[in-house]
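The values are calculated or read from the model by the stated rules, or taken from the named source; none is laboratory data. This is a predicted model, so every value here is computed, not measured. All Cβ positions, glycine included, derive from the backbone under ideal geometry; neighbour counts span all protein chains shown. For accessibility, only protein heavy atoms count, side chains too; no ligands or nucleic acids. Shrake-Rupley method; radii C 1.70, N 1.55, O 1.52, S 1.80 Å.
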Amino acid sequence: MEAKKTVQLNKQQMLNRLKRIEGQVRGIHNMIENDRYCVDVLTQISAIQAAINKVSLGLVEDHTRHCVANAIKNDNGEKAIDELMDVMKKML
């Protein structure tokens, strides 16, 4: 089975955000390595979770507005909605 592909509308913005998240994860690694205060580490983890959620929400919105909307127009809406709901269940 061939993987589905799509053009991400905000691709560069998402890539930039993911690079910042990578940097934050490395920062947490260093914080733990250097025995930083737990609350400070947890605060940084919370910031990463929020950033990942923002990327996820952007992808869900793009997917819904484009892929799902197009599937509905082409009478494949049920399948697209089922797929979207499956991924939402995984995210939650």
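Using each residue's phi in the stretch 25-41, evaluate 6.51 cos²θ - 1.76 cosθ + 1.60 at θ = phi - 60° and report the 3J(HN,Hα) Karplus result to the nearest Hz, with x for Gly and Pro.
Coupling constants for the stretch 25-41: 5, 4, x, 5, 4, 5, 4, 5, 4, 9, 6, 5, 4, 3, 4, 5, 5 Hz.
By accessible area of protein heavy atoms, probe 1.4 Å, what ranking do ASP62, ASP35 get, highest first?
Descending accessible area places them as ASP35, ASP62.
Explain nothing, just the number: relative contact order of the chain, from Cα pairs under 8 Å at least 6 residues apart, as a whole percent.
23 percent
Return the sequence-ordered ³J(HN,Hα) values of the stretch 74-86 in whole Hz as given by the Karplus equation 6.51 cos²θ - 1.76 cosθ + 1.60 applied to θ = phi - 60°, using x for Gly and Pro.
9, 6, 10, x, 4, 5, 5, 5, 4, 4, 4, 5, 4
Before I look further, what does the chain give for accessible area per residue, probe 1.4 Å, in whole square angstrom?
Solvent-accessible surface per residue comes out at 83 Å².
Considering every pair of different Cα atoms, what Kirkwood radius, in Å, is found for the chain?
Across the chain, the inverse of the average 1/r is 15.5 Å.
For LYS4, which aspartates and glutamates qualify as cross-link partners when the Cα separation must be under 13 Å and same-chain residues fewer than eight apart are set aside?
Straight-distance partners of LYS4: GLU83.
What is the sum of charges around LEU57, taking Lys and Arg as +1, Asp and Glu as -1, for the other residues whose C-beta is under 15 Å from the C-beta of LEU57?
Computed value for this residue: +2.
Based on the Cβ-Cβ distance of GLN44 and LYS4, what FRET efficiency does E = 1/(1 + (r/R0)^6) give at R0 = 35 Å, to the nearest 0.05?
It comes to 0.55.
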